[in-house]
Amino acid sequence: MLLIECPSCAARYKVKPGKTRKLTTSIKCPACEHVFSISLADKATVASQETNNAARPKILIVDDSNVFRNILSDILSSLDVNILTAASGNDALQMIAQEHPQLVILDLVLPDISGAVIVQKIKSFRSLSATRFLILSGTIVNDTPTPELANCGADAFSSKSFKPEQLRERVAALLKK
């Protein structure tokens, strides 16, 4: 997978390079429709990147707000991790089952399934029980969950108003457990 950024609007996309002999290709940004060229890595470089990506921990960010998913992705991009995103609880359940992320950063209030219910469902599967969960919510005050929420099985809780460096530190600590 290659991460590309539109030089016009700065939108970021992950693309899977196809089998081609070209050294460059043109891309049309879906956000602003700007057409730009990118240089493609040779197959050995792509294979090396895929091997490195496989060894890095996976983090799944689940939030129904595209803006918040992008903010979290940008904050965590300095860590040596693969970042995946999902916009709904059902998408999150599917991605967790397929990708087996080491950490899921999860919004508590999603339109289809509560974040707490997702944690309980995933923790009930033996093959996924080692997955760590950090629940983020605007309703959590001082990183202290309500008693009902504390019993859902999440590893950590945080208010959505956090300092980026504190989030990175907390994520790094959860990945080391």
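The values are calculated or read from the model by the stated rules, or taken from the named source; none is laboratory data. What you see is a predicted model; the values in this text were computed from it and never measured. Glycine gets a Cβ as well: all are built from the backbone with ideal geometry, and neighbour counts include every protein chain shown.
Among the residues of the stretch 29-45, not a single one is modelled with pLDDT of 75 or more and under 30 Å from Thr131 (Cβ atoms).
Among the residues of the stretch 100-119, which ones are among the charged types (D, E, K, R) and outside any loop (DSSP other than H, G, I, E, B)?
Correct list: Asp107 only.
Could you say whether any residue in the stretch 147-163 is in contact (Cβ under 8 Å) with a residue 24 or more places away in the chain, closer than 21 Å to Tyr13 by Cα and not assigned by TED's automatic domain parsing to the domain that holds Lys14? Taking every residue of the stretch 147-163 in turn, none turns out to be in contact (Cβ under 8 Å) with a residue 24 or more places away in the chain, closer than 21 Å to Tyr13 by Cα and not assigned by TED's automatic domain parsing to the domain that holds Lys14.
In the stretch 118-147, of all residues being touching a helix residue (DSSP H, G or I) at 6+ places or on another chain (Cβ under 8 Å) and of a type in the set (Ser, Thr, Tyr), the one that is modelled with the lowest pLDDT corresponds to Ser137. Gly115 fulfils the conditions (1) surrounded by fewer than 18 Cβ atoms within 10 Å (Cβ to Cβ); (2) at pLDDT 85 or above except for a single criterion, (1).
A quick yes/no check of all residues on (1) β-branched (Val, Ile, Thr); (2) modelled with pLDDT of 95 or more:
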site	(1), (2)
Thr51	yes, no
Lys58	no, yes
Ser65	no, no
Arg69	no, no
Ser73	no, no
Ser77	no, no
Asp80	no, no
Met95	no, no
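Selection of the stretch 96-112 for residues being surrounded by fewer than 16 Cβ atoms within 10 Å (Cβ to Cβ) and aliphatic (A, V, I, L, M) yields Ala97, Val109.
The set of residues from the stretch 85-99 being touching an Asp or Glu at 6+ places or on another chain (Cβ under 6 Å) and either basic (Lys, Arg) or part of a helix (DSSP H, G or I) (or both) comprises Gly89, Asn90.
What do you reckon, is Leu108 touching a strand residue (DSSP E or B) at 6+ places or on another chain (Cβ under 7 Å) and modelled with pLDDT of 95 or more? Taking the combined requirement at face value, the residue does not satisfy it.
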